[in-house]
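Here's the structure we're looking at; comments come further down.
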């Protein structure tokens, strides 16, 4: 297993780039939603550019990273099948399923926005943007601590983090209403 660490490194690299895409795509959705509310020609110019940016991010970075992260994860599980017997891995894989659900929902939103169908407000999208952060925190703590019994404390921590993120979003919204240039 001389190549184990190379496979692990590649898995981590593609997990990081996948999350980068998942963090940035909702931000582009927010800009798209806000651009749709602007008068012409600003609306058309911004919307056209944002569609191109989201398309490139989604198909050149995010989707390939998701596929490659998954392939290297499967390879790691083939190399170390004993992990599948560990409770922390079961919990981690449940979060990975949630991550894929988030990814597919982002894909659905992406497709809608490519057709100028906007069903979210910018504030709703700001909250949606934090879901990937919560999943990332859960997975990292599970992998580092390798303890499924204490994951309950982690879930409590995730809810506290979510509350802090929502509070931060509300504060940012208030600041933005006072100064639209933020």
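Quick notes on this one:
- Acute angle (nearest 10 degrees) that the helix 42-56 long axis makes with the longest principal axis of the chain, alpha-carbon atoms: 10
- Nitroxide proxy distance, nm - points 7 Å out along Cα→Cβ at residue 20 and residue 49: 2.2
- Taking all pairs of distinct alpha-carbon atoms in segment 4-178, Kirkwood radius in angstrom: 17.7
- Cα shape, segment 103-182, gyration tensor, a/c 1.5 rule: oblate
- Cα-based helix-to-principal-axis angle, 4-36 vs the chain, degrees rounded to 10: 20
- Gained length - residue 27 relative to residue 85, 0.36 nm times residue gap less alpha-carbon distance: 17.1 nm
- Which of 17, 119 has the fewest Cβ neighbours within 10 Å, and the rest in rising order: 119, 17
- For segment 131-147, the residues whose backbone nitrogen is under 19 Å from a point 7 Å from the Cα of residue 156, taken along Cα to Cβ, are 137-139, 141-142, 145-147.
- Degrees separating the helix 131-145 axis from the principal Cα axis of the chain, which is the longest one: 20
- Estimated from the Cβ-Cβ distance and a Förster radius of 45 angstrom, the FRET efficiency linking residue 13 and residue 167 is about 0.85.
- Expected 222 nm ellipticity per residue - DSSP helices of 4 or more, -39500 (n - 2.57), all of the chain, to 500: -27500 deg cm²/dmol
- Note on segment 86-138 and segment 3-26: Cα centroid distance 16 Å, given to the nearest whole angstrom.
- Each peptide in 141-147, 127-133 was scored by the mean count of other Cβ atoms within 10 Å over its residues; highest first, the order is 127-133, 141-147.
Each value in this text was obtained by applying a stated rule to the coordinates, not by laboratory testing. Not measured: the values here are computed from a predicted model. Backbone-built Cβ (ideal geometry, glycine too); neighbour counts: all protein chains shown.
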